[in-house]
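What follows draws every value from the coordinates through simple rules; no lab data is involved. In this text, all values refer to a predicted model and were calculated from it rather than measured experimentally. Counting neighbours? That spans all protein chains shown, and the Cβs are built from the backbone with ideal geometry, glycine included.
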Amino acid sequence: MIFRADTDQYESSLAVVLESSMFKALEMQEYAGNRLLWSLSEEERARLRPNMKHVTLALGQVVYECGERIDYVYFPTTCVVSLLYTMRDGSTAEMALAGNDGVVGIALFLGGGNIPHRAVAQIGGLALKMPARVLQEEFTRGGPLQHILLLYTQALITQISQTAVCNRLHPLEQRLCRWLLLCHDRLNGSEIPMTQEIIANMLGGRRESVTVAAGRLQDAGLIHYSRGHIKVLDREGLETMVCECYKIVDDELSRLVGAPQRSELNKRVPCREADGEAL
């Protein structure tokens, strides 16, 4: 009977340890999906966790409208959000995109309250959201979260500025390569669910021009386009064709926020694939 009691106690203790380990592993995986949150210490993440909630952003879902009060900030983990400006005639152009590298809603901690552009889920997926009040309190107290948010803001300003330069000076084919690489960096796979019409809206070009540019990339064996999905086949080939704008944005993000840890964050797929198998 004593042996049985000891065994029961051991099994109970083991179950508690296993449960604790599994919970910790899930928590690490949860935050590893976003580079900003993952850069924080375990203690910082533990303090933030009760105020964060998992949400799913569907393709095309509006995160916030132009001039709208922002009630939450979003830390994307598997989704990608476009920051879009819409002109009076209805034409749109993407200023920047945010995925697992950043946060959506910087106006909250910069003090502006709202921004004259839209934020739309360009690629559906998961995010962690935090109430505006909580983020403002955390930012005001200073510390690691404030520091990483300011660094990311500088990286985002670089992306916005470089996008403006790229759209003015570079041909659509190179701009498409830049956009595909930026999306690919923020996804956990080689497929980008996107129609050419949406890409045209992102790049501020005509759909027919995007069709021609995408056709050239497909003929070169760099991508495959089918039924609203673009599959990256040769990443190195895209990096060879893209203008310098991509590297400027990527280098600045890595310098300020830190290079993504491929073992924990979304990994880039092999350069070439055929029928789902790496070559």
Open item on the list: Return the Rg/Rh ratio of segment 156-239 with Cα-based radii and a Kirkwood Rh.
Closed with: 0.94
Open item on the list: Need the full-extension length gain, L110 to T211, defined as separation in residues times 0.36 nm minus the C-alpha distance. One decimal, nm.
Closed with: 32.5 nm
TODO: Evaluate Rg over Rh across segment 31-278, taking Cα atoms for both radii and Kirkwood's formula for Rh.
DONE: 0.96
TODO: Going by C-beta contacts inside 10 Å, put T153, T140 in order with the fewest on the left.
DONE: T140, T153
Open item on the list: Treating only the Cβ of Lys, Arg, Asp and Glu as charged (+1, +1, -1, -1), what charge dipole size does segment 31-278 show about its Cα centre? Round to the nearest 20 debye.
Closed with: 380
Open item on the list: Given R₀ = 22 Å, what would the calculated FRET efficiency be for E43 paired with D251, taking r from the Cβ atoms and rounding to 0.05?
Closed with: 0.10
Task: Ranking of E94, E244 by count of other Cβ atoms within 10 Å, fewest first - done: E244, E94
Task: DSSP-loop trypsin sites (Lys or Arg not before Pro) across segment 104-150, with at most 13 other Cβ within 10 angstrom - done: R141
TODO: Quick one: net charge around T211, please, counting Lys, Arg +1 and Asp, Glu -1 for every other residue with C-beta under 13 Å from its C-beta.
DONE: -1
